[in-house]
Amino acid sequence: MKKITVLLIAFVSSFLTAQESDPSDTTKKETSFVIMPIHNSVAGFSNVFLGSISLKPKTNLTFYSVFWNNPNFGNLNSGSDLFLETGVGLGFKLFDDKLYVNPTLGFGHGKFMSNGTGTTIGEAIIPSVLVLYNTKRFELDSYLALYKSFRRGGDITRDLVLNWIIPGYKITENISAGAFYEQFVQVRTSDDLHESSIYQWLGGYVKLTLKNHIWFRFAAGGNLDTGLGTANEFYKVQAFIPL
């Protein structure tokens, strides 16, 4: 528990330090908050909350939470101890705001990574990076995250890697389509089990974007790795709803 306490203190300190500004700056900081519901054929339903606070014209402080609702990620019968992610990061706009890079440090809470009997705060450390690229005709959404087990609760712990790359073409102002690739891999377990892919999806997507920045994306296709019992096909639906 001491390790996680030190990390949480450092986490809060970095958050507060990032918000410090020039006292002569009286401009109001821009903020945003987004709800992003997601449902896919393996993990089920989850809700993502995304927020940001501008620090400089090209830099913002970001924070997020992911509420995993699948009871397999907690206590199967009661649905308690569900896996929760929380994190903070910095976002950078580059190349005339076409490129956005957002490295984040997150923490996992629950029993999914630690394999304990109940909730473990800070059971995992989750470094990640989100990269978005947008032009008049091209869009790219890519992500890489390591779910590193940090606190042991049971006999077996695990480390996981989640990544996706989603390039697309904007057919009109409101419609885009493209390729979809996502992989979820178990890279380590404490009983020395070999690396194994939970799934490896390859397919396509269609995305609808509204003028108020709300978008809806549906992806589907085939699963290239079914070794752990996942299905031959997949679907994933996702919405982006700014408040």
Exercise. Residues being of a type in the set (A, V, I, L, M, F, W, C), outside any loop (DSSP other than H, G, I, E, B) and free of Cβ contacts under 8 Å to residues at least 40 places away in the same chain: count how many of those fall in region 75-95.
Key: 3
Practice problem: Would you check which residues across region 104-120 are of a type in the set (A, V, I, L, M, F, W, C) and modelled with pLDDT of 85 or more and list them? | Solution: LEU105, PHE107, PHE112
Exercise. Examine region 82-103 for a residue that is modelled with pLDDT under 90 and over 21 Å from PHE49 (Cα atoms), and state whether such a residue exists.
Key: no
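The values are calculated or read from the model by the stated rules, or taken from the named source; none is laboratory data. Model, not experiment: these values are computed from the prediction. Every residue, glycine among them, receives a Cβ derived from its backbone with ideal geometry; neighbour counts consider all protein chains shown.
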